[in-house]
Amino acid sequence: MENRGRTFVQFAFYKFDAAFRRQSDELRDAQRAEFACAVEDAADDHMVRSYSLTGIRGDCDLLLWSAGPDLDAIKSATSTLLQTGMGRWAALPYCYLSMTKDSQYKDPHEKGPPGRRLVLRPTGRKYLFVYPFVKTRAWYLLTAEQRGALMKTHIEVGHLFPTVKLNTTYSFGLDDQEFVVAFETDIPSDFLDLVHALRETESSGYTLRDTPTFTCVQMSIGEALRAVG
C-alpha cells in the first residue's frame, strides 16, 4: 500500500482470558515463550514496543505499539500472534490504526527538517498514556487562521511540561477516531497536570471525544506476559 513516506501505526490492546492462568505452569511458560518469540520476530521487521496494563484496567492486559511503512507486515504480525498458544486466549478489545503526518500547526519550539514527524521516534520513557481523539465538526468550520491561533495557546501549554513527550498520529478515514495521541513520560503527575491545564484552553471546547484513556507501563514482552499470570 502506497504511503508517501509516512508510517502506519497500530495500538493493539490485548486481553487474555482468565482461564489461561488456570493452566499448568509448564504450559503457561511455553505459551508465553511462543507469544514473546512472535513479538520479537515482528520487531525485526518494524517497530514494536510492549506495555503492561495488568492491574490498571480491567478490560486489557497488554499494549503492543507498532509502527512501520508496510501495513501488511503489521497485519500479518498481529495474525501470527493470535495464532500462538497464548494468542488463542487473547481478544483485542481495542485496536487503533493511524498514520504519521506533518502537523499543519507550526510549533516555534520544534527543531528539525520538514518531514521529521513522518517517522515515530519514541523516547523509551516508562509510562505511555494513549487515547483516541475526535474534534467537533465546528472546529473544521473555523478558518485556518482561527484554528492556528487556538492551537498556538494549546502548544504553549504543552511546553510548560517538558517531561511529557507527545506523539500525534492521524486516522482520518482509516478508523473511527480522527487522531490517536500517545504521551510518554517518567512522571505521571506531570501528565495529569498537563491534561488538567489543557481543559482550560479554548481549543478544548472543540473536543467531541477523548476516551477511553489507557495508562500503560513499558516492560519487555517477557515481563508484560508474566504480569498476566
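The values are calculated or read from the model by the stated rules, or taken from the named source; none is laboratory data. In this text, all values refer to a predicted model and were calculated from it rather than measured experimentally. Ligands, DNA and RNA are stripped out before the accessible areas are found, and what is left, the full protein with its side chains, is counted by its heavy atoms. Shrake-Rupley method; radii C 1.70, N 1.55, O 1.52, S 1.80 Å.
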- Query: Is it possible to state the helix-based mean residue ellipticity at 222 nm for the chain, with each DSSP H run of 4+ residues giving -39500 (n - 2.57), the sum divided by total residues, to the nearest 500 deg cm²/dmol? What is it?
  - Reply: -9500 deg cm²/dmol
- Query: What is the diffusion coefficient of the range 170-229 in µm²/s, taking the Kirkwood radius over Cα pairs and the Stokes-Einstein relation at 4 °C with a viscosity of 1.567 mPa s?
  - Reply: 90 µm²/s
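Can you tell me the accessible area per residue over the range 116-229, all protein chains present, probe 1.4 angstrom, in square angstrom?
52 Å²
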- Query: If you roll a 1.4 Å probe over the range 66-211 with all protein chains in place, what percent of the accessible area is carbon or sulfur?
  - Reply: 56 percent
- Query: Taking Cα atoms of the range 1-81, Rg/Rh with Kirkwood Rh, to two decimals?
  - Reply: 1.03
- Starting from the coordinates of the alpha-carbon atoms of the chain, obtain the Kirkwood hydrodynamic radius over all distinct pairs and give the value in Å to one decimal. 18.8 Å
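Relative contact order of the range 151-229: what whole-number percent is it, with Cα pairs under 8 angstrom and at least 6 residues apart? List each step's numbers first, then the result.
Values: 54 pairs, mean separation 21.1, N = 79.
Averaging sequence separation for qualifying contacts and normalising by length gives 27 percent for the range 151-229.
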- Over the range 122-194, volume per residue of the alpha carbon convex hull, in Å³: 104 Å³
- ³J(HN,Hα), Karplus 6.51/-1.76/1.60, whole Hz, each residue of the range 129-137, x for Gly, Pro: 10, 10, 7, x, 9, 9, 8, 6, 5
